[in-house]
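The values are calculated or read from the model by the stated rules, or taken from the named source; none is laboratory data. Predicted, not measured: the structure shown is a model, and the values here were computed from it. In this analysis, Cβ positions are derived from the backbone assuming ideal geometry, glycine residues included, and neighbour counts consider all displayed protein chains.
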Amino acid sequence: MTLTTDAKTGDAEPPRRAAAVDTSSVPFAITDRAFLAPQRYTDHQFFELENEKLWPHVWQMACRLEEIPKAGDYVEYWVAAYSVIVVRTSPTEIKAYQNSCRHRGMQLAQGCGTFRGGQIVCPFHAWRFNLDGSAAMPLYGCEGFEDRVLDPDDVHLVECQVGTWAGCVYINMDLSAPPLMETLHPVPEFLDPLRIADMRVDWWKGIRLHCNWKLALEAFMEGWHVRGTHTQLTGDAGDDFPNPHDLQRSYPNGHQSLAKDPDNKASGTVKSKLGQSDVADPNTTIAYLRMINEQLAANVLTKDLFAAESARTSAPEDFPRKFVEAMYAWNAGAGINLPGPDPTIQSLWSSQWFIFPNFKLHPLYGNSLSYRARPDRDDPEWCYFEMWSLTLMPEGEEVVKPKFDGEFGIDDGEWPLICVQDFSNLERQQRGLHNPGLKTTRLAKKYEDGIANAHVQLDSYLAR
């Protein structure tokens, strides 16, 4: 099954989970997939319902596997009011615990690091826990407690479910939730052939945005904002610039895919100008790739520009093939194993995937952009947003902890232009949602149903 044939089977399907849930008790619930109430992004009651019903019960990307390469390495994952410790307990096992000491609730760890000596030590009263979550008996000061208070099973750290996929660790605080791979369906069957799991961090940045966490993700869940937001990418096409992702599909469990419909011939001339068709002027295509490299600093990396440049003298009809051949040759020479040169696999390059509730992947040429958004502070109008540039590394290269480049503001000069343009939109959009005359926002069924799909899935959690 390919993305193209699957995505064209008809109208978007409602999520299976949502179909069995009565959402009439949910404030500002979705009753029509074409309309969303602005209060879903601004209302404190709705925000608190998310904190109660969504985040403790949903699978969410907690960290990248390469952040915890060795036994004892840990990462704190936080979302809204919750904090979880993800720790590698052995070369083959990862555990996650709610980040509270069983004595008086002290957070056991913050940020990231390594638990020395195979133990997690509370910084308050020095209670010690083994990496498997069990209390290291005897606990410090145990003589001061009644025996019934120190039952070893009762003082064991509170565990979360853990799963791994696409080079990431996922956690779920609800031990009764369905398994990770069941909730990810059908995304892995599309993305696994692209070797997403083998990619490593090229750069990683964060930003605190004055907007709701859902808005931050939805800005990347459709492509037709390019002609309004990223006008430098439209060349001389202007309003004739085609939607870069005019083929979208809503999947069960709230997921979404975006791709370019290869059968859409309506904008063939424009696509040729932009180097997005099977026949393209090499100079125009290379200039466009260079612009993406300079203004996004991801997906199209320097190595990809080298490959494109080596095919510049090809005839337009030969350039796409020569470019791909040069790309495979360059990567092979560097010891990088690109996914097999299969047209079905390569058709997934430049697709985009939203994984409910708050994660996104955008693969291209053995690279990928990755996004995550989380509610920040005790306020529905702030979120913490992260971006990773990922790429395949030479085979056999040692896995090392990725470097977090830092948290930067919009105007700090550290974000590529395309990111700055998107971030600037988001804060203005959040402010616009407050105007009293805006009774609803509206969604294009063809291009934005994935946004509605995610909200329907959200409501199914909030109704529980």
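Values as computed for the structure displayed
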{"quantity": "Selection count, region 440-451, where residues are closer than 11 Å to Gly254 by Cα and touching a strand residue (DSSP E or B) at 6+ places or on another chain (Cβ under 7 Å)", "calculated": "2"}
{"quantity": "Enumeration of residues in region 422-439 that are out of contact with any Cys (no Cβ under 6 Å at 6 or more places or on another chain), surrounded by 11 or more Cβ atoms within 10 Å (Cβ to Cβ) and polar (S, T, N, Q)", "calculated": "Ser424, Asn425, Gln429"}
{"quantity": "Any hit, region 258-267, residues being over 25 Å from Ala326 (Cβ atoms), crowded, with 19+ Cβ neighbours inside 10 Å and modelled with pLDDT of 70 or more", "calculated": "yes"}
{"quantity": "Condition met for Ala326 (part of a strand (DSSP E or B) and touching a helix residue (DSSP H, G or I) at 6+ places or on another chain (Cβ under 6 Å))", "calculated": "no"}
{"quantity": "Subset of region 342-353 [of a type in the set (D, E, K, R) and either under 8 Å from the mean Cα position of the chain (by Cα) or not in a loop (DSSP other than H, G, I, E, B) (or both)]", "calculated": "none"}
{"quantity": "Residues that are in contact (Cβ under 8 Å) with a residue 24 or more places away in the chain and surrounded by fewer than 17 Cβ atoms within 10 Å (Cβ to Cβ), drawn from region 317-329", "calculated": "Glu317"}
{"quantity": "Only one of Ala463, Ala454 that is in contact (Cβ under 8 Å) with a residue 12 or more places away in the chain, more than 17 Å from the chain's Cα centre (by Cα) and not assigned by TED's automatic domain parsing to the domain that holds Leu209", "calculated": "Ala463"}
{"quantity": "Condition broken by Arg377, with the remaining ones in (1) within 28 Å of Asn51 (Cα to Cα); (2) modelled with pLDDT of 95 or more satisfied", "calculated": "(2)"}
{"quantity": "Failed item in (1) closer than 18 Å to Ile171 by Cα; (2) out of contact with any strand residue (DSSP E or B) (no Cβ under 9 Å at 6 or more places or on another chain), with Pro123 passing the rest", "calculated": "(1)"}
{"quantity": "Region 48-63, subset touching a helix residue (DSSP H, G or I) at 6+ places or on another chain (Cβ under 9 Å) and in a helix (DSSP H, G or I), residue surrounded by the fewest Cβ atoms within 10 Å (Cβ to Cβ)", "calculated": "Glu52"}
{"quantity": "All positions within region 64-77 that are out of contact with any Gly (no Cβ under 9 Å at 6 or more places or on another chain) and buried (at least 17 other Cβ atoms within 10 Å of the Cβ)", "calculated": "Glu67, Ile68, Tyr77"}
{"quantity": "Selected residue [surrounded by fewer than 13 Cβ atoms within 10 Å (Cβ to Cβ) and either touching a Ser or Thr at 6+ places or on another chain (Cβ under 9 Å) or among the charged types (D, E, K, R) (or both)] from Pro152, Pro138, Pro193", "calculated": "Pro152"}
{"quantity": "Tally, over region 174-184, of residues that are surrounded by fewer than 21 Cβ atoms within 10 Å (Cβ to Cβ) and either closer than 20 Å to Ser370 by Cβ or in contact with a strand residue (DSSP E or B) (Cβ under 8 Å, 6 or more places away or on another chain) (or both)", "calculated": "6"}
{"quantity": "Cross-chain or 6+ apart pairs with Cβ under 9 Å, region 202-221 first and assigned by TED's automatic domain parsing to the domain that holds Ser424, then part of a loop (DSSP other than H, G, I, E, B) and polar (S, T, N, Q)", "calculated": "Asn212/Thr42; Trp213/Asn358; Lys214/Asn358; Ala216/Asn358; Leu217/Asn358"}
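Residue-wise test of (1) surrounded by fewer than 19 Cβ atoms within 10 Å (Cβ to Cβ); (2) closer than 25 Å to Lys303 by Cβ.
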{"residue": "Leu369", "(1), (2)": "no, yes"}
{"residue": "Pro375", "(1), (2)": "no, no"}
{"residue": "Glu386", "(1), (2)": "yes, yes"}
{"residue": "Leu390", "(1), (2)": "no, yes"}
{"residue": "Pro394", "(1), (2)": "yes, yes"}
{"residue": "Val400", "(1), (2)": "yes, yes"}
{"residue": "Phe404", "(1), (2)": "yes, yes"}
{"residue": "Glu407", "(1), (2)": "yes, no"}
